[in-house]
Ligand SMILES: CCCCCCCCCCCCCCCCCC(=O)SCCNC(=O)CCNC(=O)[C@H](O)C(C)(C)COP(=O)(O)OP(=O)(O)OC[C@H]1O[C@@H](n2cnc3c(N)ncnc32)[C@H](O)[C@@H]1OP(=O)(O)O
Ligand SMILES: Cc1cc2nc3c(=O)[nH]c(=O)nc-3n(C[C@H](O)[C@H](O)[C@H](O)COP(=O)(O)OP(=O)(O)OC[C@H]3O[C@@H](n4cnc5c(N)ncnc54)[C@H](O)[C@@H]3O)c2cc1C
């Protein structure tokens, strides 16, 4: 019987039963004990700061309060980061995730895109001019690219920036209703500047899309400047804390020096100078795509902490008549839904770690003038962004469903996580569109393979002999699992290429052939990403140095990730008869064994993520498992309960009970 104080006895038992030291696993996840200590220090600074506790809980706030409270929090975070000298992105990330968990910042775009775009695309002079103002929040900016009519097809943006050599100014216009900027974060009410993506016209020619710094509000009064119409786009699925906005520009003149000119330039006489690679202007999107992988992993990890701890505490249904009700975590169906997600959260964390390192390495090369790795960085970041946000958003929703009715309450903390993670499937490149960019890269690699050219290391699996059969035995070795994923991806890539070739042979143009094959191309891209993430997980577990008990437990989790992915996508794996039916049975049996193997460590695996209760903000996911008392306290704190009898009772219910409906007839 669970107690109502201290740690819930079921949860305590789970912790005693685990086979490894949780601290050792935390050390591995966060790259060493020093970093774990630093992360705890930053979490602690935020969670113990009375400033963040003085506000009413997010779920009880109106939209306007959500914005205003979140703004105060993020301005305070900004101030504290300066006082504490937190300059490393990872330090800011940990401090912020504890200070305002899943509350999308009203100055987030300023930090995540506006400043980095100036840093990466601005000239030395522009950086000197704007960065100090941006750092001190005198300039608050956003990244205004998407328009009402176009988000994906950015070459089709309609905003124009026409150069006037007489005054050495650009004139910005939103010529149609669909050309108004729509969606940029923080644009509606917060920012006084924008980096506007617009079609550049000079000397009568269109030179494609470029970035322009545009002041939109007066620096003293905050009123929109002449020629500017700006506002909030209204309530959304989530992101109530963020004033995503619209913006119309009518003959707004800005100096020539306001075009970001590190790479492309317009000279005083209007001569256009091309960049070394036209896609270099897309760099800020690549940065955020890379960051989304870790962000999505974190969301799923937190959802798993909540759902798995709750599943250990929750008891439902006597298994044999009159017997004790089982912990719901002991139901195989619950395990089948949750443990692969637990494995996915680890897989995505490692993918996020890889992505961050790869981004830093490649951008350093680009800054040094070597642009060779740009296509790879684009393909990997687009693919991992899409794959992680899809898997993690769907995973968070499954975690919520696994909590039954209580999962539907904001008390669970899960809806807040979901509405924060799911837009990652859309923003920074809609996921299907991103997968098609990956497919474009894969088709290029296929062409190289056909021509006998060398492939980058991570693409070499494409030369796999497709007639080869699986080496899978009862042992279910990790390398055999990786081979299976690579075999499937290699086949799907070839199938997509063959589909296009066939359409071309039948007289279609290459564009028509592409459009007639996009579903197969997307399958291939997803299979490629799945293989990439699986291999990364396997290599992380096999090649890294860590405590042997942790390694053994993590190996089971990694195996579950790989086996579950195959069992759930069997059609694709058996289509080319790589596995025979005996091997499929081995995999299905292994899956069930792995669920049982992971069961004693499930709580330890989520504890190792080391999220304090203040970050999770969940009655169900509390470390002490005192779920029911917390739910009761949460219900009692609802503003609806402040009065025993609401005014609405006297206004509506009472008259209705007396058969009086006059107030409706007045309408
Ligand atoms: C520890 C730290 C962790 C930190 C965590 C912090 C967490 C924060 C995360 C959450 C923050 C949330 C804030 C974000 C808010 C959202 C902001 C936005 O949405 S903003 C708005 C976001 N909006 C979007 O994302 C719009 C999506 N749309 C697009 O990006 C483009 O339209 C497109 C890529 C789809 C096509 O572009 P188009 O120009 O038509 O190109 P074509 O198709 O004709 O291909 C031509 C060639 O170009 C190539 N290439 C393309 N891109 C790149 C690249 N980047 N590079 C290199 N190459 C690239 C391509 O491969 C091809 O090569 P080839 O085959 O010829 O050799
Ligand atoms: C919460 C949030 C915050 C945002 N913040 C910003 C911001 O700060 N700054 C900014 O500039 N923008 C921002 N955006 C806009 C965002 O980047 C775009 O919504 C996104 O890029 C998708 O573009 P779209 O809306 O035009 O979708 P669409 O392209 O209209 O997509 C609709 C459907 O069409 C499909 N589709 C479109 N093109 C193709 C194609 N070529 N092939 C196959 N299928 C296709 C898509 O897959 C999708 O299913 C934000 C959006 C959201 C939701």
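Which helices (runs of 4 or more DSSP H) does region 559-629 wholly contain that include 2 or more residues that are within 28 Å of residue 418 (Cβ to Cβ) and modelled with pLDDT of 95 or more?
On the way: elements: 570-574, 581-598, 602-607, 613-616.
Those helices (runs of 4 or more DSSP H) span 581-598, 602-607, 613-616.
Within region 144-178, restricting attention to residues that are within 11 Å of residue 199 (Cα to Cα) and in a helix (DSSP H, G or I), the residue that is farthest from ligand 1 (Cβ to nearest atom) is 156. Checked against (1) free of Cβ contacts under 8 Å to residues at least 40 places away in the same chain; (2) over 25 Å from residue 440 (Cα atoms); (3) touching a helix residue (DSSP H, G or I) at 6+ places or on another chain (Cβ under 8 Å), residue 403 passes all but a single condition, namely (1).
Scanning region 96-115 for residues that are touching a residue at least 40 places away in the same chain (Cβ under 8 Å), farther than 30 Å from residue 613 by Cβ and either in a loop (DSSP other than H, G, I, E, B) or in contact with a helix residue (DSSP H, G or I) (Cβ under 6 Å, 6 or more places away or on another chain) (or both) yields a count of 1.
Kindly check whether there is at least one residue in region 363-379 that is under 20 Å from residue 333 (Cα atoms) and away from ligand 2 (no atom under 16 Å from the Cβ).
Going residue by residue through region 363-379, those that are under 20 Å from residue 333 (Cα atoms) are none.
Looking through region 363-379, none of the residues is under 20 Å from residue 333 (Cα atoms) and away from ligand 2 (no atom under 16 Å from the Cβ).
Tell me yes or no: at least one residue of region 87-98 is at pLDDT below 95 and more than 10 Å from ligand 1 (Cβ to nearest atom). Within region 87-98, one or more residues are at pLDDT below 95 and more than 10 Å from ligand 1 (Cβ to nearest atom). Residue count for region 99-135, restricted to those that are within 16 Å of ligand 1 (Cβ to nearest atom), over 16 Å from residue 215 (Cα atoms) and either surrounded by fewer than 20 Cβ atoms within 10 Å (Cβ to Cβ) or within 17 Å of the chain's Cα centre (by Cα) (or both): 12.
Note on region 516-534: among residues that are free of Cβ contacts under 8 Å to residues at least 60 places away in the same chain and in a helix (DSSP H, G or I), the one that is surrounded by the most Cβ atoms within 10 Å (Cβ to Cβ) is 527.
To keep it simple, each residue is scored yes or no on (1) more than 16 Å from ligand 1 (Cβ to nearest atom); (2) closer than 19 Å to residue 582 by Cα; (3) at pLDDT 95 or above.
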residue: 424; (1), (2), (3): no, no, yes
residue: 428; (1), (2), (3): no, no, yes
residue: 433; (1), (2), (3): no, no, yes
residue: 447; (1), (2), (3): no, no, yes
residue: 456; (1), (2), (3): no, no, no
residue: 485; (1), (2), (3): yes, yes, yes
residue: 489; (1), (2), (3): yes, no, yes
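Listed conditions (1) surrounded by 18 or more Cβ atoms within 10 Å (Cβ to Cβ); (2) more than 16 Å from ligand 1 (Cβ to nearest atom) are all met by residue 513, apart from (2). The set of residues from region 13-41 being part of a helix (DSSP H, G or I), in contact (Cβ under 8 Å) with a residue 12 or more places away in the chain and over 20 Å from residue 347 (Cα atoms) comprises 14, 15, 17, 38, 39, 40. Restricting 73, 79 to those that are outside any loop (DSSP other than H, G, I, E, B) and surrounded by fewer than 14 Cβ atoms within 10 Å (Cβ to Cβ) reduces the list to 79. Go through (1) in a helix (DSSP H, G or I); (2) surrounded by 17 or more Cβ atoms within 10 Å (Cβ to Cβ); (3) more than 16 Å from ligand 2 (Cβ to nearest atom) and name the single condition residue 261 misses. All conditions pass for residue 261, except number (1).
Take the conditions surrounded by 14 or more Cβ atoms within 10 Å (Cβ to Cβ), over 30 Å from residue 72 (Cα atoms) and in contact with a strand residue (DSSP E or B) (Cβ under 7 Å, 6 or more places away or on another chain) and apply them to residue 252. Does it pass?
Numbers: surrounded by 14 or more Cβ atoms within 10 Å (Cβ to Cβ): yes; over 30 Å from residue 72 (Cα atoms): yes; in contact with a strand residue (DSSP E or B) (Cβ under 7 Å, 6 or more places away or on another chain): yes.
Yes, satisfied.
Out of all the residues in region 187-206, is one or more surrounded by fewer than 21 Cβ atoms within 10 Å (Cβ to Cβ), without any contact (Cβ under 8 Å) to a residue 40 or more places away in the chain, over 27 Å from the mean Cα position of the chain (by Cα) and away from ligand 2 (no atom under 16 Å from the Cβ)? Looking for residues that are surrounded by fewer than 21 Cβ atoms within 10 Å (Cβ to Cβ), without any contact (Cβ under 8 Å) to a residue 40 or more places away in the chain, over 27 Å from the mean Cα position of the chain (by Cα) and away from ligand 2 (no atom under 16 Å from the Cβ), one finds at least one in region 187-206, hence yes.
The values are calculated or read from the model by the stated rules, or taken from the named source; none is laboratory data. All of these numbers come straight from a predicted model, not from anything done at the bench. As a convention, Cβ positions derive from the backbone with ideal geometry for all residues, glycine included, and neighbour counts pool all protein chains shown.
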